[in-house]
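A quick write-up on the structure given underneath.
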Amino acid sequence: MIKKINEMQRHYVISLILVIMLIPSCKGQNVEKEGLGSFDLSANDKQIVFSFLKNGVSSLYLINSDGTNLKKIINLKGENNFYNPKYSPDGKRIVFILSRHGCINSTLCISNSDGSGILYLTDDKHIITEATFSLNGEIIYFCKANVYEKYSPIGRKDAHDFDIYALSIKDKKISKLSNLKSYGLSNISELDNKYILIHIESGPDGGMYLYSKEKAIKERRLVPVNNPRQDASIYYTPIYSDCLNIIGFTAPYEIYIMSLKDNNAKLVFSNKGSNDISNIAFFKNQKKILFSKVGISDLFSINIDGTGIQTIPIIIR
């Protein structure tokens, strides 16, 4: 039991550091760490879009998946941070978050895949932390916190009371899809016409969930039938592969995949004794996973059977 609690605490601290790294508070809190943020693969697997925090400013970059042709695509004048980029299903656009340095509030944006033609979909009066396109590319689902406060006497102020929202790109109409008021919400993606895949931070009841858009409830907690780590609350960063019909997720220092046919989890990669895993993404047309490690700027790819690990160097000067 002690070991499980320590793993939960360690992974929570890592997640908290990433949030601090990307979204400074309205009191101008100093950035604690710099380096690689979140990332996504284009529809043809040829390019990777990612955020990178350098000198206190987070910008968006593109790099070929073979590690060539690195270039910055979004870094407007002024103290603006850009993070959590995601490709549209056709790969022609990206959705991302913009926040001014020193402020927790943020703006939901889209642009062409090369960073041109930025459109602001919301104002800057919300605490939007991440977003993703729907499978048809017409809707953007996003996580929004409703309060920014300290829930513990020994804690720090942070975004809480999260819910799921949907924005129609055509008319910018926003609909609230949930009434979760969750302590933490992340890794949102559309599974199909009925469900949204999400990670919910909720102590021992936290973990991977399917949220029903039709019933507006947490439909099902996703727990592997073989439950390799015994504690479903330490399964993080769920992501769905439409072409493989599997879910990828992490536990402290490990990457797993799980078939939705039998909910059986298989270990893909273990990095115990070294850097923890921070983010993962599926290749769209290959049986591979792209992932990053805490404290390391490089990206890594690996086949879903655990073979063929490769390094994609990220060198930001």
- Say we look at the range 279-311 and pick out the residues that are open to solvent by 70 Å² or more (accessible area, probe 1.4 Å) and part of a strand (DSSP E or B); which of these is nearest to ASN84 (Cα to Cα)? THR311
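Condition test on ILE217, is it open to solvent by less than 30 Å² (accessible area, probe 1.4 Å) and either farther than 30 Å from ASN75 by Cα or not charged (D, E, K, R) (or both)? Break it down into steps so the answer makes sense when it comes.
Numbers: open to solvent by less than 30 Å² (accessible area, probe 1.4 Å): no; either farther than 30 Å from ASN75 by Cα or not charged (D, E, K, R) (or both): yes.
Taking the combined requirement at face value, the residue does not satisfy it.
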- Message: I'd like the full set of residues that are small (Gly, Ala, Ser) and closer than 21 Å to ILE247 by Cβ, limited to the range 272-307.
- Response: SER278, ALA281, SER292, SER301, GLY306
- Mind telling me which of the residues SER168, SER178 ends up being at pLDDT below 95 and polar (S, T, N, Q)? SER178
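Got a number for residues in the range 107-128 being under 19 Å from ASP40 (Cα atoms) and open to solvent by 20 Å² or more (accessible area, probe 1.4 Å)? Reasoning before the result, please.
Of the range 107-128, the ones under 19 Å from ASP40 (Cα atoms) are 108-116, 118, 128.
Checking the rest, the ones that are also open to solvent by 20 Å² or more (accessible area, probe 1.4 Å) come to 112-114, 116, 118.
Matching residues across the range 107-128 total 5.
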- Which numbered condition LYS272 misses (of (1) surrounded by fewer than 20 Cβ atoms within 10 Å (Cβ to Cβ); (2) under 22 Å from GLY35 (Cα atoms); (3) at pLDDT 95 or above): (3)
- Query: Any residue in the range 122-135 that is polar (S, T, N, Q), in contact with a Ser or Thr (Cβ under 6 Å, 6 or more places away or on another chain) and outside any strand (DSSP E or B)?
  - Reply: yes
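Residues ILE314, ILE234: which one is crowded, with 19+ Cβ neighbours inside 10 Å and within 17 Å of the chain's Cα centre (by Cα)?
Numbers: ILE314 fails: within 17 Å of the chain's Cα centre (by Cα).
Selected residue: ILE234, the only one of ILE314, ILE234 that is crowded, with 19+ Cβ neighbours inside 10 Å and within 17 Å of the chain's Cα centre (by Cα).
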- Between a first residue in the range 49-73 that is within 12 Å of ILE314 (Cα to Cα) and of a type outside the set (Ser, Thr, Tyr) and a second residue that is part of a loop (DSSP other than H, G, I, E, B) and at pLDDT 95 or above, which pairs have beta carbons less than 6 Å apart while being 6 or more apart in sequence or on different chains? ILE63/LEU70; GLY67/PRO313
- Is there any pair with a first residue in the range 174-198 that is under 17 Å from ILE239 (Cβ atoms) and a second that is open to solvent by 10 Å² or more (accessible area, probe 1.4 Å) and part of a loop (DSSP other than H, G, I, E, B) whose Cβ atoms are under 6 Å apart and which are 6 or more apart or on different chains, and what are they? GLU190/LEU135; LEU197/LEU191
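The values are calculated or read from the model by the stated rules, or taken from the named source; none is laboratory data. Note that the structure is predicted; figures quoted are calculated from it, not measured. Here the Cβ is made from the backbone with ideal geometry for all residues, glycine too, and neighbour counts use every protein chain on show. The accessibility values were calculated without ligands, DNA or RNA, using every heavy atom of the protein model including side chains. Shrake-Rupley method; radii C 1.70, N 1.55, O 1.52, S 1.80 Å.
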